[in-house]
Structures are given as structure tokens and as C-alpha cells.
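What follows is a single structure, written as C-alpha cells, with notes after it.
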Amino acid sequence: MAATKTLDDLFLDTLKDIYFAEKQILKALPKMARAAQSEEGKAGFLQHREETQGQIERLEEVFELLGKAARGKTCEAIQGIIAEGEEIMEEFKESPALDAGLISSAQAVEHYEIARYGTLIEWANQLGLTEAVLLLQANLAEEEATDQKLTQLAKASANAKAQKAS
Ligand SMILES: [Fe+2]
Ligand SMILES: [Fe+2]
């Protein structure tokens, strides 16, 4: 059985992984927005929630291109990353370091997504799934832009605020 599995199977499996992950992220982002102390942070998390909704729709299009039902597969990695983010929210509640911690959690999420999309794009290329490549590249571009915005937010304010005892 295992010997007959090929790149198509890996691609579908990983597509299910990121589909599950995006849905978990969709639920986590409003909590992060509520927790964030800075207005910019709140707005950024809410904006990325909107983008995430669109990303889920693009993934559904990829499933459709494959003629497969859109179905997630439990991704323990994203569950762990989100759980660590919740720990930060709890342990740093009302502290000046909260936003810097939230940003670091969000960047762990973005980097997980960037890794997944990078792989999926290469595999879709290899498999000749041209339309899927474009959809996945659109998601990757949003994750990379989000990662950069988070870096800017950390550098412009959150890290310095975290350093001071209030
Ligand atoms: Fe995403
Ligand atoms: Fe993201």
C-alpha cells in the first residue's frame, strides 16, 4: 500500500494539513485581536482574519481542481503553535511585553504557513497543476506580507514597550 503512494498523495495530504491549519488560524485571530494592546496590532490581526477567509476559499478551489472534497486533516503542528500563543496571552496578560509576545506567536504561525505553501507550490509545479500554483502563490504572498508587517510592528513599538517596566 505505502509503496504505491506518490507525489499526488503527498500533495493532497499536505493540502489537507494547511486547510485544517487555516481554519484553526481563522478561529485564533479574533482572540489575538482582542488580546492585543495596540490598535495597530488589533487591526492587523483582524485584517489577516479577512485574508485568511479568502485563503480558505482559494484552498477550496485547489481541492476542486483536483476533483476532491475539501477536507482538513488534523495538524498537530498548528495546534501546538496556537496553544503556545494562548499560553503567552495568559502568562503575559496586562503586561507591557504582551504585544511583543503576541507578535512572536503570530510569526511562528506565518512561518509554518510559509513553509507549507512553499512546498505545495513546488509540488504543484512538479505535478503540472498550473492553476493550483497561482492560487497557492496568492496565499503565500499574503503570508509573507503579514510576516513583514509583524516585523515592522515589533520594531516600531512592541519590542521597545516590552522592555520597559510599566
Ligand atoms: Fe493563512
Ligand atoms: Fe497567515
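The values are calculated or read from the model by the stated rules, or taken from the named source; none is laboratory data. Note that the structure is a prediction, hence the values are computed from the model and not measured. No Cβ is skipped: glycine too gets one built from the backbone with ideal geometry, and neighbour counts run over all protein chains shown. Note: accessible area is taken over every heavy atom of the protein model, side chains too, but ligands, DNA and RNA are not part of it. Shrake-Rupley method; radii C 1.70, N 1.55, O 1.52, S 1.80 Å.
Tabulated data
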item: Criterion (over 24 Å from ASP8 (Cα atoms) and away from ligand 2 (no atom under 16 Å from the Cβ)) met by exactly one of ILE25, ILE81, ILE103, ILE88; result: ILE88
item: Subset of segment 59-83 [of a type in the set (D, E, K, R) and within 14 Å of the chain's Cα centre (by Cα)]; result: GLU76
item: Matching option when the condition is in a helix (DSSP H, G or I), more than 14 Å from ligand 1 (Cβ to nearest atom) and either surrounded by 18 or more Cβ atoms within 10 Å (Cβ to Cβ) or not basic (Lys, Arg) (or both), among GLU131, GLU144; result: GLU131
item: Inter-residue pairs, beta-carbon under 9 Å, first of a type in the set (S, T, N, Q) and more than 9 Å from ligand 2 (Cβ to nearest atom) and in segment 139-154, second open to solvent by less than 30 Å² (accessible area, probe 1.4 Å) and assigned to a helix (DSSP H, G or I), 6+ apart; result: THR151/ILE103
item: Filter result for ARG58 (more than 15 Å from ligand 1 (Cβ to nearest atom), open to solvent by 50 Å² or more (accessible area, probe 1.4 Å) and part of a helix (DSSP H, G or I)); result: no
item: Conditions (1) open to solvent by 10 Å² or more (accessible area, probe 1.4 Å); (2) closer than 30 Å to GLY128 by Cβ; (3) within 16 Å of ligand 2 (Cβ to nearest atom); (4) in contact (Cβ under 8 Å) with a residue 12 or more places away in the chain: number failed by ILE18; result: (1)
item: GLY80 being among the small types (Gly, Ala, Ser), away from ligand 1 (no atom under 16 Å from the Cβ), part of a helix (DSSP H, G or I) and crowded, with 20+ Cβ neighbours inside 10 Å; result: no
item: Segment 27-55 - residue that is outside any helix (DSSP H, G or I) and out of contact with any Lys or Arg (no Cβ under 6 Å at 6 or more places or on another chain) and, of those, surrounded by the fewest Cβ atoms within 10 Å (Cβ to Cβ); result: GLN37
